[in-house]
Amino acid sequence: MSATSLFHSARTGAGGDEMFAPDGTVRPTYRALHDALAGLGPEEFRSRSDSLARSYLDQGITFDHAGEERPFPIDAIPRLIDAEEWARVSAGISQRVRALERFLDDLYNDQSAIADGVIPDELVTSSSYVVEEMRGYTPPNGVRIHISGIDLVRDGDGEFRVLEDNVRTPSGVSYVLSNRRAMAQSFPELFADRPVRRVGEYPGRLLSALQAAAPDIPDDEATVVVLTPGRYNSAYFEHSLLARTMGVDLVEASDLVERNERIYMRTTAGLRRVDVIYKRTDDDFIDPEVFRPDSMLGVPGLVRAVLAGNVVVANGIGNGIGDDKLTYTYVPDLIRYYLCEEPILPNVDTWRLEESESRAEVLDRLEELVVKPVDGSGGKGIVIGPAATTEELDALRARLQDDPRGWIAQPVVQLSTIPTLVEEGPEPRHVDLRPFALNSGDDVWVLPGGLTRVALPRGEMIVNSSRGGGSKDTWVLAAERTASTGPAASTAQSQETRDEGIEDPTDDSYDEFADVREEPAEERAPEPDPVTSAIPIIDVDEEAPHDAQ
């Protein structure tokens, strides 16, 4: 059997593939992985891939699709990012989170960026995400964005660009952890070809960041809980996994109660004070005294307890303005303003429809662009101009003129591809990336890797799981070691490996990520897709489908 037969359909000669160069040669970053996978042969690779997929079904690692629970597809060909490129991505994510932290603090306090003309006052006054009750509030350690997920795409030039920011309730990290565990069990020999940085320390880092956010308390250790809407929520698997791996309680709203502006958890031994709540519920449902009075998912009096300084909610209540896609267009300016730095990761080029000149240009080129609602998620409401009918474009044009604040426009992004196993064998499929970052107040730590989503159907423009998308294990390669010899050099390199966190497929610590399968849910409450936007991808030789991202 030829060593190259596994990838015969993946060498398309097209640009933008991360494994293969346009001339069909394997890129240096992927060479060892390519050779190891090709050496397995098609039959062995297919057999192990099927076993990998069955393991997800057995563990109950699922997502909600049209009310039906389905296993979340994982592709057995990982995505690789070399150490040098990851260093830039990590620095860019950290920079962006720090700027958004400064922005949120400024917004709810001094509003100096508005006074200095960096952002218009209308950006804030017209946003439905600003929570007036949080004005003047500063968290105990100054952190509002404890957990973030910044969506990236690699453009046609191979450069990572930021597609959007997620600083409310970013989800999907459970798939990162589960993907790594499954790959280490199914393909342990692949990790020997090149050191891969670990992801398993995320729960411990998350717990440390949440404990660091706690108000001053007499006890040595803060009490942290994960607040879930319940087992019928589409991301309940993630809620339960994170609570279990952090060693904290998973609670629902009915488990919590406010007394004298403090939050307590009901236990068999009585009430226990809660110091930090990692919420997986949208602001609109978190406290019926302030938001929706009919919400059964929130805790009455929670906002009063937060403002009194007796409990911290992560992520912060009122962070939604940071997710607003109009805010996104100003983040490069906010980085320059607050940090006095140039942005490391550029945005996707974006037009603000509320600006008359930009609006006129977009209306003139509507059939060429992607138009998004600023408050949309999961691909809802997005119109891809090249795929839209004349009637759809006419209707969109009217909406843009009626409500320009509610929309932005972007060019169609030509995304990179990675070989992905489909029925016919590995073929190139489009991908995006969501790195996760944790802010402890002292530093911003970026999980080495992230959630790579892949559009599985041929020609599909949307990578959302709701459209049949899957995921890949994302490998950040460790830096190359020096060729030093001798006992002292070996000891130093061993210490460096431990410090950087190199993956060991024989490490049984990943066993704690195994989940007890839940009974199928009859009805699921909505939560954003693991990555909130589907990506428009149009190849030169493909006809774009009519669905939006």
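Below is a table of values for the structure above.
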read-out: Identity of the residue in the range 397-424, in a strand (DSSP E or B) and open to solvent by 10 Å² or more (accessible area, probe 1.4 Å), that ends up nearest to residue 74 (Cα to Cα); value: 421
read-out: Subset of the range 425-465 (residues that are at pLDDT 90 or above, among the polar types (S, T, N, Q) and buried (at least 21 other Cβ atoms within 10 Å of the Cβ)); value: 439, 452
read-out: Test: residue 341 is open to solvent by 30 Å² or more (accessible area, probe 1.4 Å), part of a loop (DSSP other than H, G, I, E, B), closer than 23 Å to residue 393 by Cα and touching a residue at least 40 places away in the same chain (Cβ under 8 Å); value: no
read-out: Qualifying residue in the range 56-71 (condition: part of a strand (DSSP E or B) and either at pLDDT 85 or above or under 30 Å from residue 121 (Cβ atoms) (or both)); value: no
read-out: Cβ pairs under 7 Å, 6+ apart, first in the range 110-121 and buried (at least 16 other Cβ atoms within 10 Å of the Cβ), second of a type in the set (Val, Ile, Thr) and modelled with pLDDT under 95; value: 114/124
read-out: Filter result for residue 106 (among the charged types (D, E, K, R) and modelled with pLDDT of 95 or more); value: yes
read-out: Residue match in the range 198-209 (condition: open to solvent by 10 Å² or more (accessible area, probe 1.4 Å), of a type in the set (S, T, N, Q), out of contact with any Lys or Arg (no Cβ under 6 Å at 6 or more places or on another chain) and closer than 16 Å to residue 75 by Cα); value: no
read-out: Qualifying residues in the range 2-32 (those that are without any contact (Cβ under 8 Å) to a residue 60 or more places away in the chain and outside any loop (DSSP other than H, G, I, E, B)) - the one nearest to residue 44 (Cα to Cα); value: 5
read-out: The range 366-393 - residue that is at pLDDT below 85 and of a type outside the set (A, V, I, L, M, F, W, C) and, of those, most open to solvent (accessible area, probe 1.4 Å); value: 380
read-out: Output for the range 91-109, where each listed residue is over 25 Å from residue 137 (Cα atoms) and surrounded by fewer than 21 Cβ atoms within 10 Å (Cβ to Cβ); value: 91
read-out: Residue selected from the range 13-43 under the condition hydroxyl-bearing (Ser, Thr, Tyr) and under 20 Å from residue 76 (Cα atoms), by the criterion most open to solvent (accessible area, probe 1.4 Å); value: 29
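Residue by residue, here is whether (1) touching a helix residue (DSSP H, G or I) at 6+ places or on another chain (Cβ under 9 Å); (2) within 30 Å of residue 443 (Cβ to Cβ); (3) modelled with pLDDT of 95 or more; (4) in a helix (DSSP H, G or I) holds:
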| residue | (1), (2), (3), (4) |
| --- | --- |
| 220 | no, yes, no, no |
| 226 | yes, yes, yes, no |
| 242 | yes, yes, yes, yes |
| 258 | yes, no, yes, no |
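For (1) surrounded by fewer than 20 Cβ atoms within 10 Å (Cβ to Cβ); (2) under 19 Å from the mean Cα position of the chain (by Cα); (3) not hydroxyl-bearing (Ser, Thr, Tyr), each residue gets a yes or a no:
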site: 289; (1), (2), (3): yes, no, yes
site: 303; (1), (2), (3): no, no, yes
site: 324; (1), (2), (3): no, yes, yes
site: 329; (1), (2), (3): no, yes, no
site: 333; (1), (2), (3): yes, no, yes
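Matching residues to (1) over 20 Å from residue 115 (Cα atoms); (2) in contact with a Cys (Cβ under 7 Å, 6 or more places away or on another chain); (3) at pLDDT below 95:
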{"position": "299", "(1), (2), (3)": "yes, no, no"}
{"position": "306", "(1), (2), (3)": "yes, no, no"}
{"position": "316", "(1), (2), (3)": "yes, no, no"}
{"position": "321", "(1), (2), (3)": "no, no, no"}
{"position": "329", "(1), (2), (3)": "no, no, no"}
{"position": "334", "(1), (2), (3)": "no, no, no"}
{"position": "339", "(1), (2), (3)": "no, no, no"}
{"position": "344", "(1), (2), (3)": "yes, no, no"}
{"position": "364", "(1), (2), (3)": "yes, no, yes"}
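The values are calculated or read from the model by the stated rules, or taken from the named source; none is laboratory data. The structure presented is a predicted model; accordingly, all values stated were derived computationally and were not measured. When we count neighbours, we look across all protein chains shown, and the Cβ atoms used for this are built from the backbone with ideal geometry, even at glycine. Heads up: the accessible areas ignore ligands, DNA and RNA and are worked out on the full protein's heavy atoms, side chains in. Shrake-Rupley method; radii C 1.70, N 1.55, O 1.52, S 1.80 Å.
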